[in-house]
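Report on the structure given below.
Laboratory data are not the source of any read-out in this text; all were calculated from the coordinates shown. What you see is a predicted model; the values in this text were computed from it and never measured. Cβ placement follows ideal geometry from the backbone for every residue including glycine, while neighbour counts extend to all protein chains displayed.
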Amino acid sequence: MTMTRSQAERRVVDFLAEKLGASTTIDPDQDLIDNRMITSMGFMNFVLLLEEVTETPIPMEDMNVEDFRTLARIRAKFLSVLSDDSESSIHHNEEDAHV
C-alpha cells in the first residue's frame, strides 16, 4: 500500500528518534549528519527505509550525502514523489464515486 507523504515522513522521523533513544522534535533544517542522527553505520538502513516508504529504489550512483543532511532536503529529494493526505483522500473519494 502506498503511503502518503505525511505517513512516510512520520516513519522517517520515528526512525531517527529511535536512533537517538528518545522522543524528540527534529527541526526540518537540523543537520542530521552533524548531529549524528544518521551515522555511517545506519546510513544504509536509512536508505532502505526511504526506498520502502517511497516504493522507489535509490541507485547508489545517484546518492549525494547533501540530499540526506536535513529533513527538508529529504522531503524535497525523496518524499516529494508521494501524494499528500488531501490528494490521497480526493483520489479515494473519486474511486468511491465510480463504484
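Tabulated data
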item	result
Two-site FRET efficiency, Val81 against Val13, from Cβ-Cβ distance with R₀ of 25 Å, rounded to 0.05	0.90
All-pairs alpha carbon distance profile, segment 1-58, 5 Å steps from 0, percent	4, 18, 28, 27, 17, 6, 0
